[in-house]
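To start, the structure itself, in structure tokens.
The values are calculated or read from the model by the stated rules, or taken from the named source; none is laboratory data. Remember, it's a predicted structure, so these values are computed and weren't measured experimentally. Here the Cβ is made from the backbone with ideal geometry for all residues, glycine too, and neighbour counts use every protein chain on show.
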Amino acid sequence: MRKVGIVGMGTTKFKARWIDKTYYELAFDAARMAMEDAGLSRLDIDCAVYGIYNDFFQRQYQPDAFVHDYLGLGLKPMVRVNSGGATGGAALRIGYAEVASGLYDICLVLGVEKCADCYNYEFQAATPEVLRAILYTADMTYDNPAGRTAASGFALAVIAHREKYGNPTDEQMAKVSVKNHFNATQNPIAQSPKILTVEEVLNSKKIVEPFHFYDNCLYTEGSSAVILASEEVARKLTPKPVWISGLGASTDYVMPGNRPNIYTFESSRLAAKKSFEMAGITNPLEELDLAELHDAFTGTEIMAYEDCFFCEEGQGGRLIDEEVVMAGGILPVNLSVGLIGCGHAVVSTGIMQTYEVALHLRGEAGARQVKNARRGLVQSIGGTLCTWTVCLVLERED
């Protein structure tokens, strides 16, 4: 396979509502920024991969065709990817395959989310309609009629982990929330910059046991894009390409009852292991300079420390207690502020987090910059109790 590099990227601000833009206009903004960053035009793009999660959000079946048309890429091949919260990483995986295989030299990978477009005026807020749309991605025979939400589903895993290992505790999860909301004050695209205390997190209203309000991410609208190129093209376009040196993916049993346990996410462990093997990483805590992990809930970030082998199983809570994962720590996690601080524009999230790691590797992350960052990890998870995981290792040349 050919070496694949990131040569251009762009992202819109993540916010609760882009009232003045359609989903394809929002997609255009991110695509334009990525093309300008790479010094390319739409005529240079060979193919495209779109991450678009839920047709109900856009009120449009096959919305990818309308995005493709609006970007002026008619007659060029494209594919749509949908793997829930893992869609951003999955789209990058498909884009990588398009270029690494030799089929195409330049591929646009783009995620766009306009969740509040599903708003129904019989409600006075979009949230009930967003949650209703998401429920259609759950099992329609048992889960949907029972009213399971993403929060209540992942809460089961956190509770199981706590019963097995004694953590994550409420206080440890609150520390993750404080960290990620504070990091948001350093990121101009973030939806939720906020300085909180552990006590404020613990005193916020309970959403579902054990999650308080500030333990949850907010659904968000936004669009992010990267442009991938073969090594030969990448070296012509930029003096500092960011290479995808490791890639791993796994899909677990979607029905949790078919798994041996739910206190670990085996799809994450397998995807991380494969990406590290491909990148030649044997000690992630020492060999990575930063990581972007899927923190839809504070407890799942702590579980991800273990699933990505930053520590032994059952020791994730220790990393937040000892500030290992803080800005300035041994391995800073979610300097983009992740889903909790930046917001969860579902399909854009993994691409936005790839953008964040690439910014650091290019030395362009401003106030959040990790000094001399050389290698970073992006983890995208999605589906019922982490059905899908995609992990990417990004690397710069010395």
For this session: Name, by its number, the condition in (1) free of Cβ contacts under 8 Å to residues at least 12 places away in the same chain; (2) surrounded by 20 or more Cβ atoms within 10 Å (Cβ to Cβ) that does not hold for ALA97.
Result: (2)
Exercise. Given THR282, THR300, which one is crowded, with 24+ Cβ neighbours inside 10 Å, hydroxyl-bearing (Ser, Thr, Tyr) and at pLDDT 95 or above?
Worked result: THR300
Exercise. How many residues, within segment 186-210, are crowded, with 16+ Cβ neighbours inside 10 Å and closer than 25 Å to GLY111 by Cβ?
Worked result: 8
Exercise. Looking only at helices (runs of 4 or more DSSP H) that fall completely inside segment 117-194, which ones have 3 or more residues that are in contact with a Leu (Cβ under 8 Å, 6 or more places away or on another chain) and either within 24 Å of PRO210 (Cβ to Cβ) or modelled with pLDDT of 95 or more (or both)?
Worked result: 150-165, 170-183
Exercise. Does segment 315-338 contain any residue that is surrounded by 24 or more Cβ atoms within 10 Å (Cβ to Cβ), closer than 29 Å to ASP37 by Cβ, touching a Cys at 6+ places or on another chain (Cβ under 8 Å) and among the β-branched types (Val, Ile, Thr)?
Worked result: no
Seminar exercise, completed: Taking segment 48-94 and the residues there that are hydroxyl-bearing (Ser, Thr, Tyr) and surrounded by 23 or more Cβ atoms within 10 Å (Cβ to Cβ), the one that is farthest from MET35 (Cα to Cα) would be SER83
For this session: Filter segment 354-398 down to residues that are closer than 16 Å to PRO188 by Cβ and crowded, with 24+ Cβ neighbours inside 10 Å and give me whichever is farthest from the chain's Cα centre (by Cα).
Result: HIS360
Exercise. Does segment 245-253 contain any residue that is surrounded by fewer than 19 Cβ atoms within 10 Å (Cβ to Cβ), touching a residue at least 40 places away in the same chain (Cβ under 8 Å), among the aliphatic types (A, V, I, L, M) and under 30 Å from LYS164 (Cβ atoms)?
Worked result: no
Problem set entry | Which numbered condition VAL333 fails, given (1) touching a His at 6+ places or on another chain (Cβ under 8 Å); (2) closer than 30 Å to TRP18 by Cα | (1)
